[in-house]
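Novice: Here it is: the structure, laid out below.
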Amino acid sequence: MKRNGRVCKTRPADGNRVSTQIRRIMNIPTRTLIIDDTTLRDGEQSAGVAFSLDEKLAIAGQLADLGVPELEIGIPAMGAQERDEIKAIAAMNLSSRLLVWSRMRKDDLSHCLGLGVGMVDLSISASDQHIQYKLKQSRAWVLSMIDTCIKTAVDAGLEACLGCEDASRADADFLARMAEAAERAGACRIRFADTVGIMEPFGVVNAIRALRRVTGMDIEMHAHDDLGLATANTLAAAVAGATHLNTTVNGLGERAGNAALEEVVVGLHQLYGIATGIDLSHFPALSHQVATASGDTIGSRKSLIGRDVFSHEAGIHVDGLLKDPNNYQGVDPAVVGRRHQLVLGKHSGSQGVIHAYRQMGVPLERHQANRLLPLIREFVSAHKRTPGTAELNQFLHRL
């Protein structure tokens, strides 16, 4: 895809016939859509998180192995150690394309050269709130910096993305002027950042469509999860015409985090038939790696990767699942390298008991299972956990 004579490298997405009707109803075109994962940049900006070099190399390698096409891997202006770590990741010669992040400043930009990375996200405030009270500058100054810094980056051989910080609170007309200035200067992408996580999907659709009307650049969505809507907002951006989406593993990120890689990839494929080229069947290992390296505990009910999200206890659910998984399966757990867990508890029924004992090699009749149910429920109420093999064997002796 050419922008101002420069080639923005992308990978094509293909359709999913299950979602063809949804795509047609929502007017979602089949087009290129790229995941730009920022676990190693915005993910590491989470309070208290600091990845070691070995952890960064392992995470980058696993992301590439999953097929993630782009990785944002650091902030060169942070110092020599950060730049050395960026070089080390670049030296891995991963299949993923690498980006770095920089403020829209010539001195910061100078640190982005010679790192083995071909693209830079040059970020500057887009909202009047930030321009006046953080930068203490004017809109004219912002446009001047965009022109100067993007031209400098392009002249230095880097592809440039205009990062619009706090775009969700920016004036739409001024955001359009920023996009026009960046495109004239040679940028090939614009990043719409919901920096403080205040957007909702309908607003995102309107904002991305408005931006698409005024620019031919690729559009990237960067969502934060302060209202629990980062994934929804990211999917809305895809529907509206975004070409690139920022994610992090496990939704790691500042404050409430970013859009989760696993949620966005599964959502795009399952809801809209948009493929990303990413295979999540080995995702649990990467999820665990990032959770361990960040010290960030994954909630037991966290979608797709939480300990209990594919666990079933209620008798009616277990019975239906045993008859046909699709009875109570919204997402196939195998997509993310998981499987269903049938748990014995207070709400279990006879089929769940029969299944549990069958897993132990003990066949039961329904009348036996019905006699065991009170013992199981009594145990769970007293111990707040499901009985293990030893307890289940003890229950048999009490029949």
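Novice: Non-local amide H neighbours of R97 (under 5 Å, H modeled in plane, Pro and chain starts lacking H): which ones?
Specialist: Here the answer is E70, L71, since their amide H atoms fall under 5 Å of that of R97.
Novice: Turning to a different aspect of this structure: Treat every Asp and Glu Cβ in the chain as -1 and every Lys and Arg Cβ as +1, leave all other atoms uncharged, and give the resulting dipole magnitude about the Cα centre to the nearest 20 debye.
Specialist: 820 debye
Novice: Something else now. At I298 and A156, where each label point lies 7 Å from the Cα along Cα→Cβ, what is the point-to-point distance in nanometres?
Specialist: 3.7 nm
Novice: Please name which of T389, V204, H355 has its Cα lying farthest along the dipole of the chain towards the positive end, using unit charges on Cβ (Lys, Arg +1; Asp, Glu -1) and the Cα centre as origin.
Specialist: Farthest towards the positive pole: H355.
Novice: If you don't mind, another one. Mean-square fluctuation check for the chain, GNM, Cα pairs under 10 Å: which of A356, A50, A167 is largest?
Specialist: Most flexible of the set in this elastic network: A356.
Novice: Also, I was wondering about something else. In this model, which of K56/K302; K56/K106; K87/K302; K302/K384; K106/K302; K134/K302 are farther than 31 Å apart at the alpha-carbon?
Specialist: Exceeds cut-off: K87/K302; K106/K302; K134/K302.
Novice: How far is helix 201-214 tilted, in degrees, relative to the longest principal axis of the Cα atoms in the chain, given as a value from 0 to 90 rounded to the nearest 10?
Specialist: Value to nearest ten degrees: 30.
Novice: Can you compute the charge dipole magnitude of the stretch 74-116 about its Cα centre, using +1 on each Lys and Arg Cβ and -1 on each Asp and Glu Cβ, nothing else charged? Give it in debye, rounded to the nearest 20.
Specialist: The calculation lands at about 160 debye.
Novice: To the nearest 20 debye, what is the magnitude of the charge dipole of the stretch 319-399 about its Cα centre, counting +1 on the Cβ of each Lys and Arg and -1 on the Cβ of each Asp and Glu?
Specialist: Approximately 180 debye in magnitude.
Novice: Also: With everything on Cα atoms, drop me the angle between helix 80-90 and the longest principal axis of the chain, reported from 0 to 90° to the nearest 10.
Specialist: Compared with the principal axis, the helix lies near 70 degrees.
Novice: Oh, and also: Could you compute the longest span of the chain free of trypsin sites (Lys or Arg not before Pro) located in DSSP loops and having at most 16 other Cβ atoms within 10 Å, not counting the site residues?
Specialist: My reading of the result: 137-254 is the longest stretch.
Novice: Then there's this: Going by amide H atoms built from the backbone, whose H comes under 5 Å of the H on Q341, apart from near neighbours?
Specialist: S311, H312
Novice: Taking the Cα-to-Cβ direction at D128 and at T148 and moving 7 Å from each Cα, how far apart do the two end points lie in nm?
Specialist: In this crude spin-label approximation the distance works out to 2.5 nm.
Novice: Shifting gears a bit: Compute the long axis of helix 261-272 from its Cα atoms, compare it with the longest principal axis of the Cα atoms of the chain, and write down the angle in degrees, 0 to 90, nearest 10.
Specialist: Between the helix axis and the principal axis of the chain, the angle is about 80 degrees.
Novice: Scan around I219 for amide H atoms under 5 Å from its own, H built in the peptide plane at 1.01 Å from N, and keep only partners 5 or more places away or cross-chain.
Specialist: For I219, whose amide H was placed from the backbone, the distant partners under 5 Å are I190, T243, H244.
Novice: Still on this structure: Under the Karplus relation 6.51 cos²θ - 1.76 cosθ + 1.60, θ = phi - 60°, what is the ordered set of whole-Hz ³J(HN,Hα) values for the stretch 121-133, x standing for Gly and Pro?
Specialist: Going residue by residue, I get 8, 9, 9, 8, 5, 10, 8, 4, 4, 6, 4, 7, 9 Hz, with x marking Gly and Pro.
Novice: Distance between Cα centroids, the stretch 49-84 to the stretch 234-297: provide it in whole Å.
Specialist: With the stretch 49-84 and the stretch 234-297 each reduced to a Cα centre, they are spaced 16 Å.
Novice: Using the Cα gyration tensor of the stretch 257-331, with a ≥ b ≥ c the square roots of its eigenvalues, what is the shape: rounded (a/c below 1.5), prolate (a/b larger than b/c) or oblate (neither)?
Specialist: It is oblate, given that a/c is not under 1.5 and a/b is not larger than b/c.
Novice: When the chain is modelled as a GNM with alpha-carbon springs shorter than 10 Å, which of G345, G295, G361 fluctuates the most?
Specialist: Of G345, G295, G361, the Gaussian network model singles out G361 as fluctuating most.
Novice: Once phi is turned into ³J(HN,Hα) by the Karplus curve 6.51 cos²θ - 1.76 cosθ + 1.60 with θ = phi - 60°, what whole-Hz value does each residue of the stretch 64-76 show in order, with x for glycine and proline?
Specialist: Per-residue couplings from phi come out as 5, 4, 6, x, 5, x, 9, 10, 9, 10, x, 10, x Hz.
Novice: Roughly how far apart, in whole Å, are the Cα centres of the stretch 181-227 and the stretch 370-399?
Specialist: Between the Cα centre of the stretch 181-227 and that of the stretch 370-399, the gap is 55 Å.
Novice: Out of N250, I86, G320, whose Cα points farthest toward the positive end of the dipole of the chain (charges: +1 Lys, Arg; -1 Asp, Glu; placed on Cβ)?
Specialist: G320
Novice: Further question on the same structure: Which of the aspartates and glutamates could a cross-linker bridge to K136, judged by Cα under 18 Å and excluding same-chain residues fewer than eight apart?
Specialist: Within reach: D128, E165, D166, D171.
Novice: What list of ³J(HN,Hα) couplings, whole Hz, do you get for the stretch 155-165 from phi and the Karplus terms 6.51, -1.76, 1.60, once you set θ to phi - 60° and write x for glycine and proline?
Specialist: Karplus-based 3J(HN,Hα) across the stretch 155-165 equals 5, 7, x, 9, 7, 10, 10, 7, x, 9, 5 Hz.
Novice: Further question: Assuming R0 = 22 Å, can you tell me the calculated FRET efficiency for the pair A285 and T389, based on Cβ-Cβ distance, to the nearest 0.05?
Specialist: That gives a FRET efficiency of 0.25.
Novice: Using r as the Cβ-Cβ distance of N93 and K346, and R0 as 45 Å, what FRET efficiency do you calculate, to the nearest 0.05?
Specialist: Result of the calculation: an efficiency of 0.25.
None of the figures in this text is laboratory data; all of them are computed from the coordinates on show. None of the values given here were measured: they were computed from a predicted structure. Glycine gets a Cβ as well: all are built from the backbone with ideal geometry, and neighbour counts include every protein chain shown.
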